[in-house]
Amino acid sequence: MLGKSATGSGGHEWPTGERPGQFGAGFALADLVWPWRWHDTGGWRAGEPSTPSFLGYGLASGATLSDLLQWFPADAHDKIQAALHQARAGRSERLDVQARDARSHTWRVRLLAAPPAGGPSDEIILALALLGERTTSELLAAEAARSSAGGEESLAERISLLLHLLVERLECRQAILEPLGVLEGHAPRRSSTDESSLREPQVAEDPASFPYSAAEIPLTVGEHPLGSVRLVGLPPQTNIGPASWSHASDVLVALRQVLAEWSLSYALQLWKRARAFLDVARQSLEELPRSSLSDLCGAMVEVLGADRAHLWVYDATAGVYRFRDQWGFPSDVVEALRVMDFAASFLDHTRTGFTENTESVFEPPQAFGRPSIRRQTVFVLASGGALFVDWFAETVRLPRIFLEAVHRVASLWFACERLAADAEQATRLKADFVATMSHELRTPLNTLMGYTDLLACEEFGPLTEEQRDVLDRMSASARELLDLINATLDFGRMETPRIPVEARWFSLPELLDEIQRELAYQRRRRSLSLEIRVEQGAARVNTDREKLRLVLKNLLSNAVKFTEKGGVSVIARREGASVEIAVRDTGVGIDPAVLPVIFQPFRQGEPAVTRRFGGVGLGLYVVKQLVSILGGSISVESEPSKGSVFTVRIPAEYGASDSAL
C-alpha cells in the first residue's frame, strides 16, 4: 500500500497508507490513487498522486498518458486507454494487467478507472493495486487457495505464510504482527519465526556492534486500524525506499486483506452471539413471572464465553449487595454465597470507568475474586443489580461496543425481572388481604344470618306477619351481602398465579340439584320456573367439582337475579369429548354494546342495570377464569328484554397434563 512517508523506529522511510479522506473509502485497498483530467487540446494529464512513487518510478502531477503506458506491455495500451475514456463517460472499468517496475520485475496489477461521484466528467480517478510479483505467484496462489477453507485456523496459517514471505522479501530477521481494533486481544500475535517466545531479539551491549534496525508498518482499511507489522533485524545496508517497498507491497496488500477478512469474521461471530442472547432474553421475558434470574446468569456466561456468573441485588435498608442467583457454581459454594454480602461502596471504589459516563462495566481488583479467576468483569445493572462474570482461563478482550450492547440487554432483562417479582408480591399481598377481610366479614355475618333463621323458625316465640316480613327482608339482604363477600374472595383467588385443579368423577345432575336447592328461596320469591335437563352422555364428568359448582351457581344466580318473570332452564349434553352446559333465562337481556366487557372485573353492563339489580360485577369474571382453568370456554347470546343464554363448554375428562395452571 503506497502513500505518504513516515520515519520508522530504525530510521528508514516507510509508507503509512493512503489518504482515505482525500480519495474516499472505496479505494482503501489501492496502492496508488491518481486523478487524471482530459484536455481537448492536450489529451490526458495527471493530477496529484496519492504517493510519490510506484513500482520504483517517481510520480508527479502533470504526467502524460505516455508516461503511464510505459509501465505496461504494448498489448495492454489500447485496453487502458479505452478504460479511461469509459470512466470519462461515467462507467467504471477494471482490468487485470502486467506491469514492469524500475528493476524490470514483472508484477500483476489490478487497474480501476472510475468516474467521480457526481457522474460523467472530464476528471476521472485511476486506482492501481498490486496483486503480486510474477516470480512468487505460486506462493500467493497457495495463500488464496487457503482462503477458501475459511475459519480462524485457516486465517492464522495464511498470516504466517505472508509474514514468512515478508521476511524473505525484505531480508530481515523477523516480522511480527500486532493485531489492533476489533482483533486486539482476539487474534494471536503472529511471528515469521518458529521461536516459542515472541520477544524482540536481544540487542548487544555495544550498539555499534549490532548494526541491525527495526521498523513498523501500519495496516488499515480506510480509517480503521487492523494491525501493524514490526520488522526486526533489518540489514544495515538495506535502504528501504520506493524500490524495496514495491518489492514487498503485494505481500502487505494480501496481509491487509487477510486481516480485514478476519476482522469481519470475528465481528460476525460476536453479533451472532448477541442475537442468540437477545432471543434468550425475549423468551425469558415472555415467560415472566415464571422465569428466573439464573437464566440471566447463564445467558451472560454463554454470550461472553465465560465460566460462571453470579448476581447480587442492592439492599437499600442495609446499604449492601446480597447474593440473589448464579450460574456455574457448585452447591456448597452457593450456600456460602447466600450468607455473604458486600458494601455498596465497593463498586464505587473499584470501577475503572470502562464505559463512558455511566462507568457500568469494569474489572474489579483481583483481590475480590478467587485466585483461580484469571479475569472478572462486573456489569452494574439498572434497578440495583451487580452481575459478576468470571473466566478461569486466558480470555480474549471483547470489544467495548459489544460489551455495552450486552450490558444494556442484561440491564433491561434484570429490571423486567424485578418488576415482575414486585408485581407478583403485590398480587400475593392483595390476595391475602382480600381473603383475610372476606373471612373477617363472613364470620359476624354468618352469626347474624343464624339468629335471623332462628327467629324465622319462631325459636324465640311466635311472630306476627309484619315481623316475619321484616325477617325475610333481613335474611335476603344478608344473603346478598354474603354473595358479594364470596365473589370478592373468589376474585382474590383468581389473582393467584397458580391454582390447582382437583379433578374427579362425579354426577352432574346431583351437582345441579344441590345448586337449585341453594337458590330455591330467591327463585320462589319471584315465582320463577326452573327446568334442569341432563342428557345421559353428560351425566358424569371428570373435572374439579368445586370449581364447576361455583361456575354454575354464579350463572344460575345471575339468571334468577336478572329475570323478573318467566323462568330459567339448564340443559347439559355431550358434544364429542366435551360437555356443553347452557343456562337460559327470560330476563332483561344484555345490550350488544356491553357484551364485550361483561367478563371483565367490576363490569356489569350499563349503570342503570347495576343500580336496579345490585352487585359489583365480579361474578362473570370469576366464571370466565374458572372455566379457563378447567380447560374450557364460555360464550353468551343475548337480546334486550328477551333474555340471555350462557354456554359453558368443558372437557368431559380433564387432561392429566393440565392438572395445574
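Restricting to region 577-593, what's the tally of residues that are under 49 Å from the mean Cα position of the chain (by Cα) and either more than 10 Å from Glu637 (Cβ to Cβ) or of a type in the set (Phe, Trp, Tyr) (or both)? Quick ask: steps written out before the conclusion?
Taking region 577-593 and keeping what is under 49 Å from the mean Cα position of the chain (by Cα), we get 577-583, 590-593.
Applying the additional criterion that residues be either more than 10 Å from Glu637 (Cβ to Cβ) or of a type in the set (Phe, Trp, Tyr) (or both) yields 577-581, 583, 591-593.
Total satisfying the criteria: 9.
Restricting to region 40-53, count the residues that are modelled with pLDDT of 90 or more and in a loop (DSSP other than H, G, I, E, B). Full working, then the answer.
Here is the first cut: in region 40-53, the residues modelled with pLDDT of 90 or more are 43-49.
Then keep just the ones that are in a loop (DSSP other than H, G, I, E, B); that gives 47-49.
Residues in region 40-53 being modelled with pLDDT of 90 or more and in a loop (DSSP other than H, G, I, E, B): 3 in total.
Pairs please, first residue from region 637-657 and touching a residue at least 12 places away in the same chain (Cβ under 8 Å) and open to solvent by less than 90 Å² (accessible area, probe 1.4 Å), second anywhere and of a type in the set (Lys, Arg) and assigned to a strand (DSSP E or B), Cβ atoms under 6 Å, 6+ apart in sequence or on different chains.
Pairs found: Val645/Arg584.
Checking the conditions here, which among Gly24, Gly56 is more than 27 Å from His224 (Cβ to Cβ), surrounded by 13 or more Cβ atoms within 10 Å (Cβ to Cβ) and modelled with pLDDT under 85? Working first, answer last.
Details: Gly24 fails: more than 27 Å from His224 (Cβ to Cβ).
Answer to the check: Gly56.
When residues of region 300-323 are filtered for being in a strand (DSSP E or B) and hydrophobic (A, V, I, L, M, F, W, C), how many remain?
If we filter region 300-323 for residues that are in a strand (DSSP E or B), which is where we start, we get 308-315, 320-323.
After this cut, where a residue has to be hydrophobic (A, V, I, L, M, F, W, C) as well, the list is 309, 311-313, 320, 323.
Qualifying residue count for the region: 6.
Hey, could you check region 424-462 for residues that are outside any helix (DSSP H, G or I) and open to solvent by 40 Å² or more (accessible area, probe 1.4 Å) and say which is modelled with the highest pLDDT?
So, considering only residues that are outside any helix (DSSP H, G or I) and open to solvent by 40 Å² or more (accessible area, probe 1.4 Å), the one modelled with the highest pLDDT is Pro462.
Hey, among the residues in region 336-380 that are in contact with a Ser or Thr (Cβ under 9 Å, 6 or more places away or on another chain) and among the basic types (Lys, Arg), which one's modelled with the lowest pLDDT? Spell out how you get there, then give the answer.
Filtering region 336-380 for residues in contact with a Ser or Thr (Cβ under 9 Å, 6 or more places away or on another chain) gives 351, 354, 359-365, 368, 374-375, 378-380.
Then keep just the ones that are among the basic types (Lys, Arg); that gives 351, 374-375.
On the way: Arg351: 58, Arg374: 78, Arg375: 82.
So the residue we want is Arg351.
The values are calculated or read from the model by the stated rules, or taken from the named source; none is laboratory data. Bear in mind the structure is a predicted one, so any value in this text is a computation, not a measurement. Every residue, glycine as well, gets a Cβ built from its backbone with ideal geometry; the counts of neighbours run over all protein chains shown. Just so you know, the surface numbers come from the protein's heavy atoms only, side chains and all, with ligands and any DNA or RNA stripped out. Shrake-Rupley method; radii C 1.70, N 1.55, O 1.52, S 1.80 Å.
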